[in-house]
Structures are given as C-alpha cells and as structure tokens.
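Remarks on the structure that follows.
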C-alpha cells in the first residue's frame with residue numbers, strides 16, 4: 001500500500017524533530033512538515049483546515065468540539081505545556097502587588113478563549129477565590145489593535161466582557177485604562193520596562209500550584225482533519241505512537257551527559273523536573289490517563305468560563321482509537 005502523504009503544521013519542537021525529519025516513521029504515513037507560529041497555525045486550521053494534521057490550541061479546539069464545529073479530531077499528544085501564573089502582567093508600579101488586588105479591577109485579554117488565559121482565570125477562581133464577575137474584562141489585540149475572538153462564547157450571567165477594536169491591551173495597560181493583562185507571551189511594554197510580571201519570581205508560585213492541584217497545564221494538542229480521520233481512522237493510533245517515539249528520542253538526548261543543548265548541566269535539570277513532575281511515569285507523558293487530572297480541570301474551567309456551553313467529557317475530545325491500549 002502506498003503511504004499517505006499528509007501535511008502537518010506545528011512549531012519546530014525538538015520532541016517532534018525526529019518525526020518531521022523522517023528519523024522516526026509513522027507507519028503508512030509520509031509527513032510533510034510545515035512550520036508555523038502557533039497563532040497562525042491555529043487560525044488557518046480553524047478557519048480553512050489547510051493541512052491534514054495540525055497543532056491546535058486546547059481552548060479553541062474544545063470550544064469547537066462543544067459547538068459541533070471542530071475541523072479535526074484530537075489525539076492526546078501535547079507539544080506545549082506551560083504553567084501560567086507567569087502570564088499575569090501589570091504596570092511597573094505598586095498599584096497591583098498580589099493576585100487578590102485584581103478583584104474589582106479592569107483586566108485585558110487578547111482572547112477570552114486563549115488557553116493560557118483560561119488556566120489563569122481557573123487559578124484565580126479556585127485557588128485565589130476571585131469570581132469572574134468580580135473583574136471587568138476587556139478583549140483586544142495584545143500589541144496591535146484589531147484582534148478578534150475566535151471562540152463562540154457562552155459567558156456566564158454577570159460576567160462583563162468589553163471588546164475594543166481600536167486599542168491594544170499593551171497600550172491600555174501603560175496608559176492606565178487597564179490594571180492588568182493575562183496573556184501567553186510578554187507584551188511589548190514588558191521589554192521596555194513599563195510592564196512587569198505580577199510574580200517576577202514565578203517558579204515557586206507555579207510549583208506550589210502543581211503541588212496543590214497536580215495540574216501541569218496543557219496548552220496545545222494535535223488534531224487530524226476530519227476527512228482524513230473518517231477515511232483512515234488508524235492514523236490516530238499510528239500518529240500517537242510515532243509522536244511518542246520522537247519524544248522519547250528527544251528526552252534521551254536531553255538526559256545525555258553531553259551537550260546536546262548549549263546549557264551546562266542540562267541533564268541534571270531535566271532529571272530534576274522528571275522527578276518533580278513525572279515521578280513514576282514517562283517524561284512529558286502523552287495519552288489520556290497520565291494527564292486526566294489536568295484535562296478534567298481544563299474542561300471544568302472551559303465550562304465555568306463560557307468557553308464551552310457545557311462541560312465536555314475527556315473522551316469527547318479524542319479519537320476513540322487512542323483511548324485504550326492493547327496489552328499482552
């Protein structure tokens with residue numbers, strides 16, 4: 001049988017590299033890699049489904065599943081995972097010094113349905129005790145005006161979200177029109193020193209969040225376009241296995257005592273994270289069960305925040321072929 005030739009859009013991750021280079025083969029599939037920034041890949045797949053396999057925002061993907069508009073089927077391969085207490089930005093003054101100060105304030109987001117923002121709001125609600133209605137929310141482009149919401153929102157009663165097309169969150173924060181910004185990447189004013197992180201030393205805060213909840217936030221998953229999955233459902237299992245093999249080879253490089261990355265003692269850092277975050281399981285786990293705590297929390301956050309109109313079950317968002325494993 002001739003192999004399927006499938007285009008795949010994703011970032012150039014080291015843990016994907018052996019698959020995109022051809023060192024690792026997905027049985028029956030020839031992957032044609034396309035490297036894009038996440039925002040570009042998400043928009044183009046959600047809007048036009050231009051390629052057969054895509055990296056996708058978890059927030060955008062779950063919203064589309066709930067609304068019956070998903071252009072692809074997910075597999076539990078998670079290329080990007082980032083703790084997000086570091087995603088809260090304030091002016092470089094003393095007006096906001098702790099998360100509790102955000103109650104009653106005006107907070108900007110580039111998109112309500114942005115995955116990083118969903119995790120920050122979930123933390124505020126469940127760990128800090130600030131309800132969504134305690135904040136006046138503003139949606140606007142981060143550094144440029146004009147960014148629009150991609151998800152179809154179902155905001156809870158009492159939650160106010162003002163959409164501003166002619167200004168950016170970055171400039172509004174600097175000018176005092178916002179009190180804080182939640183966003184995945186530092187805004188322009190962070191580089192100029194006008195904006196700072198709420199938690200300059202964010203690692204202990206994020207580690208404490210993990211210790212309390214067991215949640216290691218999943219930002220992105222991989223999806224297979226509907227027409228390909230429907231015609232070739234076996235691609236879900238084959239791709240999940242191939243991504244896992246590529247990840248294993250990446251981790252092996254990182255744990256090698258040589259200098260596979262230009263960082264002294266890198267292998268010690270990786271081993272420390274392995275022991276802290278993944279004790280007793282594979283490093284950077286794929287699959288549903290090793291990640292169920294995080295997935296369940298995220299789907300709860302999505303429903304509470306109106307990113308989805310109901311709470312999805314974990315099994316709804318992944319291909320059925322990857323929900324169980326053959327065992328001897």
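Using alpha-carbon positions, what is the distance between the centroids of the range 77-102 and the range 219-238, in Å?
Taking the Cα centre of each part, the range 77-102 and the range 219-238 sit 34 Å apart.
How much mean residue ellipticity at 222 nm does the chain get from its helices, if each DSSP H run of length 4 or more adds -39500 (n - 2.57) and you divide by all residues, to the nearest 500 deg cm²/dmol?
Result for the chain, helices only: -10000 deg cm²/dmol.
Quick check on the range 201-317: take the gyration tensor over C-alpha atoms, sort the square-rooted eigenvalues as a ≥ b ≥ c, and tell me if it's rounded (a/c under 1.5), prolate or oblate.
It comes out oblate by the Cα gyration axes.
Give me the angle, in degrees from 0 to 90, between the Cα long axis of helix 235-255 and the longest principal axis of the Cα atoms of the chain, rounded to the nearest 10.
Taking the Cα atoms of the chain, the angle to 235-255 is about 80 degrees.
Take every DSSP beta bridge whose two residues both sit in the range 85-213, then give the antiparallel share in percent to the nearest 5.
35
Could you work out, for the range 85-213, what percent of all Cα-Cα pairs fall into each 10 Å distance bin, beginning at 0 Å and stopping at the bin that holds the largest distance?
13, 48, 33, 6, 0
Between rounded, prolate and oblate, where does the range 14-66 land on the alpha carbon gyration tensor, with a ≥ b ≥ c its root eigenvalues, rounded for a/c under 1.5, else prolate if a/b exceeds b/c?
The shape class here is prolate.
I need the per residue convex hull volume for the chain, using only the alpha carbons, in cubic angstrom as a whole number.
So the per-residue Cα hull volume is 144 Å³.
Where does the range 173-268 land on Rg/Rh, using Cα atoms and the Kirkwood Rh?
1.11
So if I take the centroid of the Cα atoms in the range 35-70 and the same for the range 134-149, what is the distance between those two points in Å?
Result: 20 Å between the Cα centres.
Counting only the backbone N, which residues of the range 161-182 are under 13 Å from the spot 7 Å out from the Cα of residue 143 toward its beta-carbon?
Label zone hits: 169-171.
For the chain, calculate the relative contact order in percent as a whole number, restricting contacts to Cα pairs under 8 Å that are 6 or more residues apart. Could the numbers behind the result be given before it?
Values: 587 pairs, mean separation 84.5, N = 328.
Over the chain, the number comes to 26 percent.
Normalised by the number of residues in the range 85-213, what is the relative contact order in percent for Cα pairs under 8 Å and 6+ residues apart?
Answer for the range 85-213 is 38 percent.
Against the longest principal axis of the chain, how steep is helix 266-277, in degrees 0 to 90 to the nearest 10, with axes from Cα atoms?
80
Mind giving me the FRET efficiency for residue 101 and residue 48? R0 is 45 Å, r the Cβ-Cβ distance, nearest 0.05 is fine.
Taking R0 as 45 Å, the efficiency between residue 101 and residue 48 is 0.60.
At R0 = 41 Å, how high is the FRET efficiency between residue 271 and residue 165 if r is their beta carbon distance? Nearest 0.05 is fine.
Calculated value: 0.30.
Starting from 0 in steps of 10 Å, tell me what percent of the Cα-Cα pairs of the range 1-142 lands in each bin.
Spelled out per bin, shortest first, that is 10, 33, 28, 18, 9, 2, 0.
Between residue 212 and residue 134, what is the label-to-label distance in nm when each label sits 7 Å out along the Cα-to-Cβ direction?
1.2
Relative to the longest principal axis of the chain, what angle (0 to 90°, nearest 10) does the C-alpha long axis of helix 292-304 take?
Roughly 40 degrees between the two axes.
Readers should treat all values here as calculations from the given coordinates under stated rules, not as data from a laboratory. Keep in mind it's a predicted model, so treat the numbers as computed, not measured. Note that we place each Cβ from the backbone using ideal geometry, even for glycine, and neighbour counts take in every protein chain shown.
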